[in-house]
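The next block holds one structure in the form of structure tokens; read it before the comments.
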Amino acid sequence: MNEKMKKEPLVHIIKRADIPQWKSWVIRIGAGVIGLLLCAGFSCIFSKDFGGFFAELFNGAFGTERRIWMLFQNIAILLGIAIALTPAFKMHFWNIGAEGQTLVGCLAGAACVFYWGGEIPEGALLVLMLVCSMIASVIWAVIPAIFKALFNTNETLFTLMMNYVAAALVSLCISIWVTSGSGVLGILNFGHLPKIMNQQYFLNIIIVVLITLFMFFYLRYSKHGYEISVVGESTNTAKYIGIYVKKVIIRTMIVSGLFCGIMGWILVAGTNFTVYADIVGGRGFTAILVSWLAHFNPFGMILTAFLVVFMQQGAAQVNTVYQLGPSAFENIIVGIFLLCIIACEFFINYQVKFRVKNKNATPEKKEKKTTESAEREEKA
Amino acid sequence: MKKPVAIELKNITKTFGEVVANKNVNLTVYRGEILSVLGENGCGKTTLMNMISGIYFPDEGEIFVNGEPVMIRSPKDAFAYKIGMIHQHFKLVDVFTAADNIILGEKMPVYSVTEETKKIKEKMEKELADVSDEKKKKIQAKYLAKIGALPFIKLGKAFKFGHLTKNRAKVLQQIADQYGFEIDLSKKIYDMSVSEKQTVEIIKVLYRGADILILDEPTAVLTPQEIKKLFDVLRKMRESGKSIIIITHKLNEVMEISDRVAVLRKGEHIATVETKKTNEKELTEMMVGKKIDLNIERPEPVDPKPRLEIKNLTIMNKEGGKAVDDVSFVINGGEILGIAGISGNGQKELLEGIAGLQKTESGDIIFHNPKKNKPVTFFHKTLKQIKEMAKQGFFHYPDGKKVDLTGMKKKEIEKLVNEEQILFYEDEIIDLKHKTPLEIRELGIKLSFVPEDRLNMGLVGNMSIVDNMLLKSYRKGKSIFVNRKKPKILADEIIDELEVVTPSDMTPVRKLSGGNVQKVLVGREISSSPKVLMAAYPVRGLDINSSYLIYNLLNQQKQKNVAVIFVGEDLDVLMALCDRILVICSGRVSGIVEGKKAKKEELGLLMTKTEE
Amino acid sequence: MFLTFLHNAINFSTVFLFGSTGETLTEKSGHLNLGIPGTMCVGALGGVVGEYLYIKSLSDVSEMTYGGAVIVPIIFALLFAGFMGLLYSIMTVTLRCNQNVTGLTITTFGVGLANFIGSSIDNSYFSVASNKFFNKGFVSGTDLNWFETLFLSYGTLVYLAIALAIIAAVVLKKTRVGLSLRAVGENPATADATGINVIAYKYAFTIIGSAIAGLGGLFYIMGYVGGSWQYAIDAFGWLAVALVIFSVWKPDLGIIGAIVFGALYIVPNYINVGTKSYIKEIINMLPFLVTILVLIVTSLINKRETQPPASLGLSYFREER
């Protein structure tokens, strides 16, 4: 019988039922370390300084007081958008339109300043900006949701397209407002969030901290949050207990929109004091990664947002110090690092078993080794 | 005259963990015959067929095809041995035509350029043998051109331009005509009826040259006319020498179409008999076996009054046929009504229809809420509803006088309700049809449902026990926050009383073993003090102790005057536990028997009875 | 005047057409590759690297031949972009990572890599290659009649794009390979059961798709802009993704759609808006608005044939028996 036995496949992949927490963290940290090494290696090709890479990385993030403020400000923005996305993702509604939703929020806020700046008191203006931002973002977020609920239109593609409509809309408005034809709106003199302790970004950071806490409590302790969990885990169970899934989708996207609106408001009133098509700068997309990598846990996102911004600022510093070239360098570094972290999720979810020559020996699953070899392969 | 053996199974055993699915099964199938494999749920017939078709691999025993021992480790291996299985759930691509689905994945013969080059070279040598020099060049050029064209021919063949060339279409039509299938091969699958889809699956298998066909409950979804057509086709296939194995539970069909019948029971092969020489009674006896005494308590129902009246209920299934067909029955409070039947005959749809999870086509679901002389509360009736109902004469005072709330102030009415002065005159009678689960709950009707799918419907696998307790009750209270205190108390009670083995009440339920999962689910459903409790296969896959625990729980509910519906597959359990047993077959009620007096053969016959 | 407009629209449509043909093939295998914008950039990078290396290998610029100036960059573009496709495939097919997340990261990485290296490559003489070889059609010069302008005066890559789109359409509709590919994208479990190697198809067509898309980037740099590096190639990538939807996953319709998108892109250059520059912005919005409309209409009509491949975005995992 044995001669006829076909060969077992070389590599067996089994879905893991469970994994102890510490193990999954070991895998993640391992992937992060490998990512850093690869980044250092890449930078070393041009800078000829391997060790210096790490030093400058930290320098870029923590080197000066200004940099530290920038670090926390950037983390705050990224985190805020990621938080806004989270309820939708938890429900398996793949909203990749945060870029556009935040952008129209910015636009609405800027529009308020443009039309009423100086004519109404600053405080009222700020409140008006916030309300308009939230409304604009909600509209942008809820349209794809309605179509998904009614006609099962693919939400990934719909929200993606809405991003570019939003960008064009911003350019459109600017071209109407700026009669000089320069295409640049310039700093607006009104609608600035107040400084705290003479730091412009302090308030932004506080707001985002509040948002994070709110989202944590909303998802974990509120009835809405409970429904979102159930719908996300099992639509069958949701129907069994009478949850009207379509209503929940729309309601959740309204929540998403509200928070994107707040972030848009922060960008205009608390950071840039103007609006331009690229003001969100791709952070709407990066936020998707931040949220996903943290497994949709608001506190986990603080960590993932920190990692991304840390790498971004650090890489910028490395670039400046070694004069490696265009700012595209940062994207490469962040890209390599993130690819490693994303790839390691596989090893957390699945178990890799190798073929054994002797049927009696139990196959040893060498997880760390496969992580390294797989990533070395892909980076080759 | 002995017919050649197509496939033979010797001492086949298959175990899944603790469960022995097949034990020492011997089976022989001859060429040119139709064999029915008959048995109840869980008798191992599907597992056995899955081993022949390569989905499972036997733990012990051997399979012989045409006398040779074979190893079937995958469906592709089965193809190689000319075995084809047509499953109950079709594997077709909806947007493709029938023809596309049939030829999908077909292994095209390999066109070897080196082989062809050799052949051409040989031809060239021959021609060049005795020819003048000038002619040689011409001939060489001609053959070189041919060789040069080979890669392109290979490319073309590899891509098979026009895969539905006349040849292919002809071949497929030939097969269809040979066996008498009526099918439009250019029709898209999503446009097809179930019977047409099944035809596509059969032709798919025949196209790959299958000589041994296995059909899993093929007539489950067909109309009588379609069944007749299918049988005509099967007979033609038999005449052309093919072997056909049909898994079925419908005795009349077994008698009509098969040459021999193999009966399986609890994983073992009981006997194979010639259809001509047996009858339905004998087959049923073999199928269900002798009655086993289970020692389950059966307290007498106390004062049974109608709780739920199902009247002419019809529910459609996904494919457009009737899953539940004009079903009528009454269940009383304080009794356990068992529903017996081969699974897939409408039990799931029936229970889901009553619970409000499935749309019903026609018929009524009348619920008698035992409210007579009970006070109405604001818990499930609003002030407006109470006023309306008072107008219609639903209420009376404790002294018997009719309640008339016209002209009363809001505060006065509220006082009366809170002091329990407004009582129901009669039981409330409500028609549940077309109501969602939420609406049913809001009407104050306590209907609990333990579904067949525990972790994907009744519970959320990734959530803790506490959070699963919340599933039905999270909406309570005006706060926007979820109240986890009461559910936690409930969870701890259930863990304690039902002896649920778990590290804590925060453990995700998917980590619990099957029996414990079910205890959590049943515990929760019982905790809401339902008036009707429906349970679908509640002891499936459970160990003995957990099963008996569930039986006790059901009996306790019965004694609290709850109407209990128990859908089960084990006839012995049903006969021991239930007061009455309703047998369902093909979506229809084939009979209702008293539990005490029921005979196993009688039930078996009812389970397999179909109307002509 | 209209003739020139049409000519230029068709010329520019090439950028989108490569992208959408490539992404259509990838999506037909069930994978939504949001890394296409980055891949197109990397394709451009490859082309630029290839051209640079070729020119460096010449002792004199006048020795430039068609083969070197055009074919070499094409091959490099295919290889570089194909590599990005390989990277995406490994992550989403073998490692079963979330496709959206992986795609976006690859775009970030690809854009960065391309801009970083591409902008610092010495592009002297690129314009020579561009004018003399890339844009040389069957006929050239200023004195052409309408037929020649419309059909014969394009550079190699334009014809290549259309040819690839037609080939892709034919393969999908009429060949067994195309049938198997469509099955993989609709219902991988069924395809697997009939013996099709699902993994191989996903890898192959994602890599091929990425390679083809990369040619779009190459064309933009070498064919349209004349050789100087551009930073905004990824914007076309998103339009290419939109075009896939707009052409309801049919590469032959993509040809027409690409021309429409190309026309919309260059229209602002032709109309005199005076002070009303916002009109240009509205035109910029149109391709995306129109695509959204197509999305809505197709989900309304719900005709099976115009829906995205049923398993688009889902990872395939064959359960252990």
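Structure values in brief
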{"quantity": "Karplus (6.51, -1.76, 1.60) ³J(HN,Hα), θ = phi - 60°, over the stretch A:65-79, in Hz, Gly and Pro reported as x", "calculated": "5, 4, 5, 5, 4, 4, 4, 5, 4, 5, 4, 4, 4, 4, 4"}
{"quantity": "Full-stretch length increase - B:N26, B:A145 - with 0.36 nm per residue and alpha-carbon distance subtracted", "calculated": "36.8 nm"}
{"quantity": "Signed unit charges on C-beta, dipole axis of chain C, positive-most listed residue C:G30, C:A168, C:G209", "calculated": "C:G30"}
{"quantity": "Interface C:A - total buried accessible surface [probe 1.4 Å, Å², rounded to 100]", "calculated": "4400 Å²"}
{"quantity": "Extreme residue, positive dipole direction of the protein assembly as shown, given options A:G335, A:N74, A:H92 (C-beta unit charges)", "calculated": "A:H92"}
{"quantity": "For chain A: relative contact order, % (alpha-carbon pairs under 8 angstrom, 6 or more apart)", "calculated": "33 percent"}
{"quantity": "Charged-residue dipole, Cβ positions (Lys, Arg, Asp, Glu), the protein assembly as shown about Cα centre, Debye nearest 20", "calculated": "900 debye"}
{"quantity": "C:D122 versus A:N198: modelled label distance in nm, points set 7 Å from Cα along the beta carbon direction", "calculated": "5.2 nm"}
{"quantity": "Pairwise Lys count, the stretch A:67-306 - Cα closer than 18 Å, eight or more residues apart or different chains", "calculated": "12"}
{"quantity": "Solvent-accessible surface ranking, highest first, for B:K486, B:K10 at 1.4 angstrom", "calculated": "B:K486, B:K10"}
{"quantity": "B:A271 long-range amide H proximity, modeled H, under 5 Å", "calculated": "B:V263"}
{"quantity": "Percentage relative contact order, the stretch B:459-528, counting C-alpha pairs under 8 Å, at least six apart", "calculated": "40 percent"}
{"quantity": "Antiparallel content of DSSP bridges confined to the protein assembly as shown, in %, to 5", "calculated": "60 percent"}
{"quantity": "Per-residue average of Cβ from other chains inside 10 Å of C:234-244", "calculated": "2"}
{"quantity": "Charge sum, other residues only, whose C-beta stays under 15 Å from C:E27's C-beta, Lys/Arg counted +1 and Asp/Glu -1", "calculated": "+1"}
{"quantity": "For A:F62, solvent-accessible area (1.4 Å; no DNA, RNA or ligand), Å²", "calculated": "80 Å²"}
{"quantity": "Candidate aspartates and glutamates - alpha carbon under 15 Å from B:K409, same-chain residues fewer than 8 apart omitted", "calculated": "B:E388"}
{"quantity": "Too-long pairs where the Cα-Cα distance tops 21 Å, listed order kept, from C:K28/C:K173; B:K485/B:K511; B:K374/B:K402; B:K14/B:K600; B:K372/B:K531; B:K76/B:K107", "calculated": "B:K485/B:K511; B:K14/B:K600"}
{"quantity": "19 Å cut-off, amide nitrogen to a point 7 angstrom out along A:F151 Cα→Cβ, residues in the stretch C:243-270", "calculated": "C:243-250"}
{"quantity": "Links that overshoot a 24 Å alpha carbon limit, given the list B:K371/B:K446; B:K478/B:K560; B:K197/B:K250", "calculated": "B:K478/B:K560"}
{"quantity": "Computed accessible area, B:E414, all protein chains, 1.4 angstrom probe, square angstrom", "calculated": "60 Å²"}
{"quantity": "Positions from the stretch B:176-220 whose accessible area shrinks by 30 Å² or more when the full protein complex is built, not the chain alone, probe 1.4 Å", "calculated": "B:Y190"}
{"quantity": "Calculated FRET value between C:A163 and B:T223, using beta carbons and R₀ = 51 Å, to 0.05", "calculated": "0.50"}
{"quantity": "Helix-only mean residue ellipticity at 222 nm for chain B, each DSSP H run of n ≥ 4 adding -39500 (n - 2.57), per residue, nearest 500", "calculated": "-11000 deg cm²/dmol"}
{"quantity": "Highest-MSF residue in chain A out of A:F329, A:F158, A:F346 [GNM, Cα springs under 10 Å]", "calculated": "A:F346"}
{"quantity": "Å² of accessible area per residue within the protein assembly as shown, as computed with a 1.4 Å probe and no ligands counted", "calculated": "44 Å²"}
{"quantity": "Computed over the stretch C:37-157: relative contact order in percent, which uses C-alpha pairs under 8 Å that are six or more apart", "calculated": "32 percent"}
{"quantity": "For the stretch C:59-71, 3J(HN,Hα) per residue [Karplus equation, 6.51 cos²θ - 1.76 cosθ + 1.60, θ = phi - 60°, Hz, x = Gly/Pro]", "calculated": "7, 9, 4, 5, 7, 4, 10, 4, x, x, 6, 10, 5"}
{"quantity": "Spin-label model distance (nm) - C:I301 vs A:T64, 7 Å beyond Cα toward Cβ", "calculated": "6.0 nm"}
{"quantity": "DSSP-assigned coil residues among GluC sites (Glu not before Pro) in the stretch A:69-148, each with at most 13 further Cβ atoms within 10 Å", "calculated": "A:E119"}
{"quantity": "Sites C:T65 and C:A232 - FRET efficiency at Förster radius 45 Å, r taken between beta-carbons, to 0.05", "calculated": "0.90"}
{"quantity": "Theoretical FRET efficiency, 1/(1+(r/R0)^6), r = Cβ-Cβ of C:L286 and C:S140, R0 25 Å, to 0.05", "calculated": "0.20"}
{"quantity": "For B:H434, solvent-accessible area (1.4 Å; no DNA, RNA or ligand), Å²", "calculated": "130 Å²"}
{"quantity": "B:S590 long-range amide H proximity, modeled H, under 5 Å", "calculated": "B:V583, B:I584, B:C585"}
{"quantity": "Gain in span if fully extended, B:D191 to B:K485, counting 0.36 nm per residue against the direct Cα distance", "calculated": "100.6 nm"}
{"quantity": "Check: the stretch A:142-271 dipole with +1 on Lys, Arg Cβ and -1 on Asp, Glu Cβ, in debye", "calculated": "280 debye"}
{"quantity": "Neighbourhood net charge (15 Å Cβ-Cβ; Lys/Arg +1, Asp/Glu -1) for A:A166", "calculated": "-2"}
{"quantity": "Amide H contacts of B:G595 (H built 1.01 Å from N, under 5 Å, at least 5 apart or other chain)", "calculated": "B:R580, B:I581"}
{"quantity": "Inter-site label distance for B:K123 and C:L150 at 7 Å from Cα along Cβ, in nm", "calculated": "4.6 nm"}
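The values are calculated or read from the model by the stated rules, or taken from the named source; none is laboratory data. Model, not experiment: these values are computed from the prediction. Heads up, the Cβs are rebuilt from the backbone with ideal geometry, glycines too, and the neighbour counts pull from every protein chain shown. Protein only, heavy atoms only, side chains kept; ligands, DNA and RNA dropped before computing areas. Shrake-Rupley method; radii C 1.70, N 1.55, O 1.52, S 1.80 Å.
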